[in-house]
Every structure is written in structure tokens, then in C-alpha cells.
Amino acid sequence: MSFKLRTYTPPDFSVEPFVSAPDCTLIPAPKDGVAPDHYHSTTIFPEYFKIDGKWELATESRMDCTAVWKDGRIQVIEFRNLHKGDLVVIGRKEDASEGIYVYPYGFGSQDKNKDLFAFRQGRSRETAFSRDYDHLYELLDYERDHGNILWVMGPACAFDSDSRAAFGQLVADGYVDGLLAGNALATHDLEGAYLGTALGQNIYTQESVPLGHYNHLDTLNKIRQYGSIPAFIENEHIDNGIIYNCVKYNVPFVLAGSIRDDGPMPEIYGDVYQAQNAMRDLVRKATTVICMATMLHTIATGNMVPSYRMLPDGTIREIYFYTVDTSEFVVNKLADRGSLAAKSILTNVQDFIVNVNKGVHALRQQ
């Protein structure tokens, strides 16, 4: 197995400007859910804060939140979760001059040899993704035994029989540690297992069936009748698909609701902040995140995922983040929002799942 994580090299805090840098300023939050003026907003990168003369790393982070000194460590907290009196880091400079240091180059990501001008630096339909696939196969093979693989899926992932079967195999073989999606993905996947259709179209032939527009609603209604997805699976003898395999192999999933939802299923989080909390619980464990054919869930997840993870033994490692879609706009959207660690693959998501399943199994057989 040739895959190897890049080593993290921390800043040398024994040299300037770190030695003479002041402690960061801490100001109590004035009320619940409100930060003091001039608060520091966190990024996706490792960030250090000088407290009582010592540089402290925010060991668990996410972008667009506040840094709080609490219980002897830096905690990264959403604005809505601030409590009155929490000691919030103040400062807008990130170069250590205010006791705050944002460090994007710990994994050697600063390419000093890169030309300022070069062709084909973006990701587009003309990009060759062969090496990306090979790297992903190696990464997943590594993460299966050493990491935590979180998948984010849109409903298109369930519209094809082969992709449903391929992802089910990935679950069964240990390449899926968590799933984030919405009502639609679960609905159409379970519709495929229950009635052989997705939005009324046969999941293999893509032919519309008579009164097929009722099928997803009938599926939802039946699930609600049983009171839960596992009860529906058991009583209707469901034996295939994405959600079935997650239930069978105890893979946790979070289904976040939206205004458009039909039904919805009993497991759907109807409160957006409860959904965000549940999503972040899975994100906190993830070391590789793969987002497929869902711009909104991808952006939501991307905003929660930092570029690094601290392991239980204190090791700091990279988090790998992939976006997969047929649209250049979608796969490049996270880069536009500052999540520069995302790698995009422009392809049909059903083909992507099938190829990944084949690729990781071929690698295992070598």
C-alpha cells in the first residue's frame, strides 16, 4: 500500500515574531448568542492563540465561528452556542501581532516552485482525473483501517441501480463511516428498494411506470406508517440499497430536512440547528469527506470541515475533502467560499460511485 499521510510541521514558536507577541485579548460575551465587537472569526486552517505566554492550538475547528478560552483550552464555538461570559478571542490580525496565528502551511502546501503563470490550473470538464481516482482509491484503502470516511449524498446517487449496489458494497466492506443527506436521497433510495423506481422511473431502464409519480409518496407514507426506517426495512423485507446497508451495518446517518420535503420520514431533522448539530457530530470524526451531487449539503458540510484533525494520540493530520458533480459551478463553489482544501472531480456521480467501488476492490486484490 503506497499511500502515506503528509507530516504536519508546526510553527517554530521559539523564534520571532512569536516570542515577543502579546497574549491574545479575551473579552466576555455580552449575552447568550452574541460575541463581543472585533471578535476573531475562525478559518479552515490550524490556528494558534497565545494564552499566558503559551501558544495554544484550536484542536477542533470549523470556519466562521468564534474562538473561546474555556475549560483550559481553545474551543471553536458557533455564535448561537455562545454563553454570556464566555471568554472570546478578540482581534482581526492573524500574523501573531495580536496573539493570533493562522497557519495554512503545516502540511507543506505552500508551493514555492509553482509558476505565477501556468495553463490549466483550475478544475473543469477538460481536466484529466485519472490520477485523482488512483489517489482516492489509495486514500480510501488507507482510511478504511486508519481513518473515518464521511459521505455526503444528493438524491441523484439513488437514481441508478448500479450506483446503489456499488455504494451498498462500499458500506458492507467498511468504506463508509457516516452519511449526510436529506429526505430526498433516503426517499428515492428506499423507493428503489421497495418499488424498483426513483421518482417513478425504473432505476435500471429509466422508463417511467404507470402512476409512478405516486411511488415516492407511497414509500414515504409506508415508512411513516411503520414509524421508522428500520421498522420499514424489516417489515417490508427490504434487502438492498444505500440506506438499507447503513442500517444493516450500523453506519450513522443524518438526514437534514428542508422546506421542500414530502412526508417527511420520521428520522428527518426538521429543525435546521438540530440538523447542524447532528451533522457536526459526524464531521468531528471525519478524516475524509466525499460530497456527491448536492450543492447545498456540500456547502453546509464544507463550512463545518477544517483542513486538519487532531487524533487521540496528539498527531495532527490532514482532512481530505472531495466534491463530485457534473457542474463546474458546483464543484468549484467551495473554493469560492474559502474552503481551499476541497478537491473537485467533474463527472456523473453514478459512474463515480461505481468506479470507486471497482477501484478500491481492485487495489485490495493487488
Of the listed values (1) 5, 23, 32, 27, 12, 2, 0; (2) 5, 22, 30, 23, 14, 5, 1, 0; (3) 5, 20, 26, 22, 12, 8, 4, 2, 0, grab the one calculated as P(r) over Cα pairs in 10 Å bins from 0, in percent from the structure here. (2)
In whole Å, how far is the Cα centre of segment 231-248 from that of segment 43-64? 43 Å
Taking the Cα centre of segment 207-366 as the origin and placing charges on Cβ (Lys, Arg +1; Asp, Glu -1), which of M310, A342, Q276 is farthest toward the positive end of the dipole? M310
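In debye to the nearest 20, how big a dipole does the chain give about its Cα centre with +1 on each Lys and Arg Cβ and -1 on each Asp and Glu Cβ? Display every interim value, and only then the final one.
Values: 34 positive and 47 negative charges, 85 e Å.
About 400 debye.
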At 1.4 Å probe size, with the rest of the protein present, what percent of the exposed accessible area of the chain is carbon and sulfur atoms? 49 percent
Roll a 1.4 Å probe over the protein chains and send me the accessible area per residue for the chain in Å². 48 Å²
Inter-label distance, nm, simple model (7 Å from Cα along the C-beta direction), R92/Q365: 5.9 nm
At R0 = 25 Å, how high is the FRET efficiency between T326 and H213 if r is their beta carbon distance? Nearest 0.05 is fine. 0.55
So for E207, E191, E267, what's the accessible-area order with a 1.4 Å probe, most first? E207, E267, E191
Can you give the Rg and Dmax of segment 125-248 based on its C-alpha atoms, in angstrom? 15.9, 48
Contour minus end-to-end for L311 and N81, with contour as 0.36 nm per residue of separation and end-to-end as the Cα-Cα distance? 80.4 nm
Farthest towards the positive end of the dipole of the chain, among A96, V176, Q206 and with Cβ unit charges of +1 on Lys and Arg and -1 on Asp and Glu, lies the Cα of A96
Is there a pair in K70/K285; K285/K343; K4/K285; K4/K358; K70/K343; K50/K70 whose C-alpha atoms are over 25 Å apart, and which pairs would that be? K70/K343
Crossing angle, helix 161-172 versus the chain [Cα axis fit, 0-90 degrees, rounded to tens]: 50 degrees
For segment 202-328, build the charge dipole from Cβ charges (+1 Lys, Arg; -1 Asp, Glu) around the Cα centre, then report which of V251, A286, L220 sits farthest towards its positive end. A286
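The values are calculated or read from the model by the stated rules, or taken from the named source; none is laboratory data. Small disclaimer: the values here were computed from a predicted structure and weren't measured. Cβ atoms come from the backbone with ideal geometry, glycine included; neighbour counts cover every protein chain shown. These area figures cover heavy atoms from the full protein model, side chains too; ligands, DNA and RNA do not enter into them. Shrake-Rupley method; radii C 1.70, N 1.55, O 1.52, S 1.80 Å.
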